[in-house]
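Remarks on the structure that follows.
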Amino acid sequence: MDFGSDNMAGASDKVLAAITAANAGPADAYGGDALTARVREQLAALFEHEVAAFLVATGTAANALALAALTPPWGSVLAHEEAHVAFDECGAPEFFTGGAKIVAIPGEGGKLTPAAVAAALDSQPPRPPHTAVPAVLSLSQATEAGTAYTPAEVAALAAEARRRGMAVHMDGARFASALLRLGASPAEMTWKAGVDVISLGATKNGCLAAEAVVVFDPERAATLPLRIKRAGHLVSKSRFLAAQFAAWLDRDHWRDLAARANGAADRLAGELQARGIRLAFPLQANELFAVLPLARFEALRAAGIDLRRWPTRSLAPAACGAGEVVTRLITSFATSDDDINRLLAGIDRVG
Ligand SMILES: Cc1ncc(COP(=O)(O)O)c(C=O)c1O
């Protein structure tokens with residue numbers, strides 16, 4: 001039992017079986033294999049759109065390389081101040097873009113609004129050649145607070161970005177969980193709402209290590225093959241990355257996995273709330289941010305329950321009173337009822 005991250009779960013049996021099946025015989029390397037071609041077709045079908053798709057092994061690579069395809073080195077990338085690209089990627093976006101500037105914008109519940117984006121841009125009027133050129137708006141779906149943008153919210157943000165001459169990137173590390181909550185189609189959540197490129201995350205949702213940079217306008221993808229190689233992310237035995245995606249996309253396996261993660265999150269949220277523990281943010285994917293008095297949190301930890309204190313940074317203060325702390329609990333496709341029962345038993349024991 002570990003609710004620290006959905007990265008702590010293993011991979012789905014179907015994905016593992018697909019990797020084993022892909023092991024038979026030789027296959028072309030560096031993305032030239034039949035499985036990679038099949039995944040490109042599957043992704044085009046999933047998004048109901050022509051796509052250029054590139055498979056990489058980490059979400060950080062997907063994000064940083066996607067951004068690099070969308071901004072010149074002198075561009076700026078606007079993102080929520082808690083966004084993974086702004087806070088958790090050790091400067092990879094800045095590195096791979098050749099020095100683009102990340103502009104971190106505050107927003108309640110991990111979300112940006114068109115007004116906040118406009119305010120950030122208007123507070124720094126362009127003074128060429130002194131100011132970076134606004135180039136990309138990056139949205140996390142789901143957000144770092146476990147909330148999700150509706151397609152209408154994405155569309156409004158994308159319209160603001162477009163109006164300012166910027167492209168739109170979506171960090172979809174938890175895209176599947178958010179999508180299921182909203183009942184939207186992948187197309188409605190992305191290109192139909194104005195998203196140019198999505199980093200489609202599969203690792204947190206049942207793959208072993210597989211993320212896709214999905215580009216809706218092939219012209220924007222022109223430099224990506226070179227960027228990916230140069231970044232050390234052109235995997236030679238690419239069939240094993242593709243095998244994961246092929247199985248994940250086959251017969252909507254990704255949906256089943258995300259539904260399990262979301263279902264576990266729903267049950268856990270209900271049980272916590274029944275015990276007087278409130279959530280800092282609405283549950284709109286598979287991440288819960290539970291608010292606990294510091295003393296109760298410490299007592300639970302002292303009793304051996306592996307709760308981690310989530311840095312409140314900018315997100316939680318509004319939701320978190322004096323003397324309270326926030327702990328992040330993430331469910332995955334692998335979270336069982338027993339896992340939840342054990343956590344609840346511990347909470348009930350300590351009180
Ligand atoms: C919102 C978000 N984006 C991207 C990533 C991908 O990161 P990694 O490079 O660890 O695969 C993560 C992982 O925690 C994440 O939470």
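Numbers at a glance
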quantity: Restricting the stretch 44-60 to residues that are touching a Phe, Trp or Tyr at 6+ places or on another chain (Cβ under 8 Å) and not in a loop (DSSP other than H, G, I, E, B), the residue that is nearest to the ligand (Cβ to nearest atom); calculated: 55
quantity: Single unsatisfied condition, residue 268 versus (1) without any contact (Cβ under 8 Å) to a residue 24 or more places away in the chain; (2) crowded, with 23+ Cβ neighbours inside 10 Å; calculated: (1)
quantity: Residue match in the stretch 240-254 (condition: open to solvent by 40 Å² or more (accessible area, probe 1.4 Å), more than 18 Å from residue 174 (Cα to Cα) and in contact with a helix residue (DSSP H, G or I) (Cβ under 6 Å, 6 or more places away or on another chain)); calculated: yes
quantity: Residue under evaluation residue 90, criteria (1) within 24 Å of residue 175 (Cβ to Cβ); (2) in contact with a Leu (Cβ under 9 Å, 6 or more places away or on another chain); (3) not in a helix (DSSP H, G or I), criterion not met; calculated: (2)
quantity: Qualifying residue in the stretch 219-235 (condition: open to solvent by 30 Å² or more (accessible area, probe 1.4 Å), within 14 Å of the ligand (Cβ to nearest atom) and out of contact with any Leu (no Cβ under 8 Å at 6 or more places or on another chain)); calculated: yes
quantity: Residue satisfying all of: in the stretch 88-97; within 14 Å of the ligand (Cβ to nearest atom) and free of Cβ contacts under 8 Å to residues at least 60 places away in the same chain; surrounded by the most Cβ atoms within 10 Å (Cβ to Cβ) among these; calculated: 93
quantity: Which numbered condition residue 160 misses (of (1) within 30 Å of residue 210 (Cβ to Cβ); (2) more than 14 Å from the ligand (Cβ to nearest atom); (3) open to solvent by less than 40 Å² (accessible area, probe 1.4 Å)); calculated: (1)
quantity: Residue count, the stretch 98-143 (criterion: open to solvent by less than 60 Å² (accessible area, probe 1.4 Å) and assigned to a loop (DSSP other than H, G, I, E, B)); calculated: 11
quantity: Total residues in the stretch 72-87, condition open to solvent by less than 10 Å² (accessible area, probe 1.4 Å), in a loop (DSSP other than H, G, I, E, B) and under 22 Å from residue 214 (Cβ atoms); calculated: 1
quantity: Selection status of residue 227, modelled with pLDDT of 95 or more, closer than 22 Å to residue 28 by Cα, outside any loop (DSSP other than H, G, I, E, B) and not hydroxyl-bearing (Ser, Thr, Tyr); calculated: yes
quantity: The lone exception for residue 77 - which of (1) in contact with a Ser or Thr (Cβ under 6 Å, 6 or more places away or on another chain); (2) within 16 Å of the ligand (Cβ to nearest atom); (3) closer than 22 Å to residue 240 by Cβ it fails; calculated: (3)
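Yes or no, residue by residue, for (1) within 16 Å of the ligand (Cβ to nearest atom); (2) at pLDDT 95 or above; (3) buried (at least 19 other Cβ atoms within 10 Å of the Cβ):
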| site | (1), (2), (3) |
| --- | --- |
| 149 | yes, yes, yes |
| 181 | yes, yes, yes |
| 187 | no, yes, no |
| 194 | no, yes, yes |
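The values are calculated or read from the model by the stated rules, or taken from the named source; none is laboratory data. Keep in mind that this is a model prediction, so the values were computed, not measured. Positions of Cβ are generated from backbone atoms using ideal geometry, with glycine treated the same way; all protein chains shown enter the neighbour counts. For the accessible areas, the whole protein counts, side chains as well, though only heavy atoms, and no ligand, DNA or RNA atoms are used. Shrake-Rupley method; radii C 1.70, N 1.55, O 1.52, S 1.80 Å.
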